[in-house]
C-alpha cells in the first residue's frame, strides 16, 4: 500500500529527534496560549515566525501546526474553569463546561474534552490523509483561471463567514490585498507604494504584519480586561476519571462532532468556531431532554471539542493540496513555507513528500503528546491561570520587538510593528476582524499573478473565467455566497430596529 | 449609551479613504491593458472596490443606532511607546536596559506596586537576554558599555 509506505516514511521524518523537539515545543506553546485567555494561536504563531527562518522548513511547519492544534486543546481548560474561552472556538465549551465545574465536575469535564479532542483530531487526520493527495491530483489540472477563482472563493468565504458584518469582512480582505501589493512588482520591477523608503521595496514584512495585528493589538486590548483576574479552583487527578455510564454517554456525540468538524474544516472560511457551534446545535436537537444543555450536559462539551479539533486538522486539506489557505492561520503557515522558498500548490505533496507526510505524521505524535500534556499535568496549567496578565504582557511586547528585529537586524521593522499594531487595534476598536486582512495580504500577490496569467492567455478577454467549467463553478459559488450574505444583511436591516451589535452574533 | 453607529461610520469612511489613496496614488504606475497588465492595474481595481465597500459600510451606518466607540487610549499609547522606545534604544544602550525600560513603559497602565513593577521588568529583561542573545546567539550589545 502506497499510503502506508508514505505514512511510514512520514513517521521516520517526524520521529527525528529535532522534529520531535519542535513538535513538542509547538504543542506545548499551543496549549499555553490556548489556556491563557487573551492570546490566541495566531499571536503565538506570529511570535514564532522569526524562529522559522533559522530552522529547516519541515521542522518549522511541524512546530507552527503544533501551536495551532495545541491551542484547540488548551482552549477548553480556561473555558471550563473560568467560563472564558481561551480560544474563540472553545466559546461553546463554556456553555456546559463551566456549569460542570460549578457542580464540582471540572476534572471530569477536562478529561472528556481532552479525549474528545483526540478523537476529533484523529478523525480529521484520516480525512486529511485520504483526500489531500487526491485533491492535489485534481489541482494539477488547474490553470491560472481556476486558481484565481478558487482564491476568490476562499477570500470571500473567509471574510463573509468569519463573523461580524460581511461588508466589513470583505473590506478588510481588500485592504489586505492592497497591503500585499506594496513593494516591488515582480513583472515590471516598479516599486509600488514604497515612498522611496528602501525597506518598503521588499514589501511589508509578514512577521511585522502578523505581530502587529495579533501581538501588539491583542495585548493593548487585553491589558486590563477584568477577565484575567478570576481565580480557578484546584482540580485533583482523582476527579477526572469518568464512570462507565458517563463515558458511554460521550461516545456518540464525539463521533458526530468529529464527522461534522472534519467535513466543515476542509471548506474555506469555516473554521473551528463554526464547526463547534454547529456541533453543539446538533447535539441539542438530537438530545432526548434538551433542557439539560447549559446546565452541565456532557454531550455539550464532547461534541464541540471533537468538532473543533477535527476541523483544525482538515483545515490543512486546501492549504496543503492546493496551496489555498482557508483562514489566516493557514495563510501564515504557507507564508512560512514561502519564506523558505517552497511554493505552496498542488505540486507540494509530490515535490516535498517528506514535508507533507512528515507533517501528517507529526499530527499523530503531537496529538498523543497533547493528551499527555493535558491530563496528568493539568495542575500546571491551572496554576498558570493564576498568573496575572500584567506579569506577562510586557514580555510579549519585548519578544515581539526583538523577534521582528531578528529577521533583518533592522530597527525599521520594529517601528513597522508599532505602526501596524496601531492599525490592528484601530480595526478591532471599530469592530473589524483583523484576521482576513492577513489572509488577503498573503494571497494578494498570488491572486494578482494568476489574474495576469489568465488574462494573458485569453488576450485580455475576461470571459475565459466563465468559459472554463471548474472556474465557472467556483465563481458561481462565490456569487451565490455574496448574494446570500447580501440578502442576509438586507433582511436584518428590514427586520427591525434592534441594535446592530446584537445582530452581529458570535465572532 | 446609544448614538449613531460610529463604528460603521468611521470604519467605512476609513476604508473608503484608504481605497481612494491606493487608487489615486497608484495612478502614477502604468495601467497597461487587460492582456498585458501594468503595475498599476490590480491596485487600481482593488482601490475602487475598497471605496465602494467602505461607502457600503458607512452609508447605512448613518441612520442606524449603535454604541459609542471605546478606545483604551492609555493601553495603546504606552504599549506602542514601549515598542518604539525599544527600537530607538536597542543599539544605543543594549538589550538589558532597552527591555527593562520597555517593560516599565508598557506597565504604566497596569495597577501594580512600584517594587513589583521593577521586579517584573528585571525578570523579563533577564529572560529576554538569556533567550535571544545567549540562547539564540543574536549579535546584539548586552550592556550599555558594549554598545
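The values are calculated or read from the model by the stated rules, or taken from the named source; none is laboratory data. All values reported here derive from a predicted model rather than from experimental measurement. Virtual Cβ from ideal backbone geometry, glycine too; neighbours counted across all protein chains shown.
When we screen A:203, A:189, A:215 for residues that are within 12 Å of chain B (Cβ to nearest Cβ) and modelled with pLDDT of 85 or more, the only hit is A:215. Applying the selection to segment B:29-44, what residues are in a helix (DSSP H, G or I), more than 7 Å from chain A (Cβ to nearest Cβ) and touching a residue at least 12 places away in the same chain (Cβ under 8 Å)? Matches in segment B:29-44: B:44 only.
Scanning segment A:274-287 for residues that are buried (at least 24 other Cβ atoms within 10 Å of the Cβ) and either within 23 Å of the chain's Cα centre (by Cα) or modelled with pLDDT under 85 (or both) returns A:275, A:276, A:279, A:280.
Do we have residue B:51 as in a helix (DSSP H, G or I), closer than 30 Å to residue A:415 by Cα and more than 9 Å from chain A (Cβ to nearest Cβ) here? Taking the combined requirement at face value, the residue satisfies it. Only one entry in B:88, B:39, B:52 is closer than 30 Å to residue A:185 by Cβ and either modelled with pLDDT of 90 or more or surrounded by fewer than 17 Cβ atoms within 10 Å (Cβ to Cβ) (or both), namely B:52.
I need the full set of residues from segment A:381-400 which are facing chain B (nearest Cβ under 8 Å) and within 14 Å of residue B:117 (Cβ to Cβ), in order please. Of everything in segment A:381-400, those that are facing chain B (nearest Cβ under 8 Å) and within 14 Å of residue B:117 (Cβ to Cβ) turn out to be A:390, A:391, A:393, A:394, A:395.
Say whether the condition of being modelled with pLDDT under 90 and within 23 Å of the chain's Cα centre (by Cα) is met by at least one residue in segment B:91-103. So far as segment B:91-103 goes, yes, one or more of its residues are modelled with pLDDT under 90 and within 23 Å of the chain's Cα centre (by Cα). Within segment B:85-119, being facing chain A (nearest Cβ under 9 Å) and closer than 18 Å to residue A:406 by Cα holds for B:86, B:87, B:88, B:90, B:91, B:95, B:98, B:99, B:102.
Could you list, in sequence order, all residues of segment B:60-69 that are more than 7 Å from every other protein chain (Cβ to nearest Cβ) and exposed (fewer than 15 other Cβ atoms within 10 Å of the Cβ)? Scanning segment B:60-69 gives B:62, B:63, B:68.
Conditions (1) out of contact with any helix residue (DSSP H, G or I) (no Cβ under 6 Å at 6 or more places or on another chain); (2) at pLDDT 85 or above, marked per residue:
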| residue | (1), (2) |
| --- | --- |
| A:20 | yes, yes |
| A:26 | no, yes |
| A:43 | no, no |
| A:52 | no, yes |
| A:61 | no, yes |
| A:86 | no, no |
| A:102 | yes, no |
| A:113 | no, yes |
| A:119 | no, yes |
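Restricting segment A:133-183 to residues that are assigned to a loop (DSSP other than H, G, I, E, B) and closer than 19 Å to residue A:330 by Cβ, which is nearest to the chain's Cα centre (by Cα)?
Of the residues in segment A:133-183, the ones assigned to a loop (DSSP other than H, G, I, E, B) are A:141-143, A:162-165, A:182.
So of that shortlist, the ones also closer than 19 Å to residue A:330 by Cβ come out as A:142, A:162-163.
Details: A:142: 26, A:162: 11, A:163: 14 Å.
That would be A:162.
To keep it simple, each residue is scored yes or no on (1) touching a strand residue (DSSP E or B) at 6+ places or on another chain (Cβ under 6 Å); (2) over 17 Å from residue A:409 (Cα atoms); (3) part of a loop (DSSP other than H, G, I, E, B).
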| site | (1), (2), (3) |
| --- | --- |
| B:71 | no, yes, yes |
| B:100 | no, yes, no |
| B:120 | no, yes, no |
| B:140 | no, no, yes |
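Checked against (1) farther than 24 Å from residue A:39 by Cβ; (2) buried (at least 24 other Cβ atoms within 10 Å of the Cβ), residue A:129 meets all criteria but (2). Looking across segment A:170-186, the residues that are facing chain B (nearest Cβ under 7 Å) and closer than 30 Å to residue A:481 by Cα come down to A:170, A:171, A:174, A:175, A:177, A:178, A:181.
Of the helices (runs of 4 or more DSSP H) lying entirely inside segment A:366-430, those carrying at least 2 residues that are modelled with pLDDT under 90 and touching a helix residue (DSSP H, G or I) at 6+ places or on another chain (Cβ under 9 Å) are A:378-384, A:393-408. Just to be sure before I move on: is residue A:350 over 16 Å from residue B:90 (Cα atoms) and either assigned to a helix (DSSP H, G or I) or more than 7 Å from every other protein chain (Cβ to nearest Cβ) (or both) in the structure I sent? In short, yes.
Over 22 Å from the mean Cα position of the chain (by Cα), surrounded by fewer than 22 Cβ atoms within 10 Å (Cβ to Cβ) and within 22 Å of residue B:15 (Cα to Cα): which single residue out of A:475, A:456, A:423, A:482 fits that description? Matching residue, one of A:475, A:456, A:423, A:482: A:482.
Among all residues of segment B:4-26, there is none that is over 27 Å from the mean Cα position of the chain (by Cα), within 7 Å of chain A (Cβ to nearest Cβ) and surrounded by 15 or more Cβ atoms within 10 Å (Cβ to Cβ).
Does residue A:67 meet the test of being touching a residue at least 24 places away in the same chain (Cβ under 8 Å), closer than 20 Å to residue A:209 by Cα, crowded, with 20+ Cβ neighbours inside 10 Å and out of contact with any strand residue (DSSP E or B) (no Cβ under 7 Å at 6 or more places or on another chain)? Yes. The set of residues in segment B:71-84 that are surrounded by fewer than 19 Cβ atoms within 10 Å (Cβ to Cβ) and more than 7 Å from chain A (Cβ to nearest Cβ) comprises B:73, B:74, B:77, B:81.
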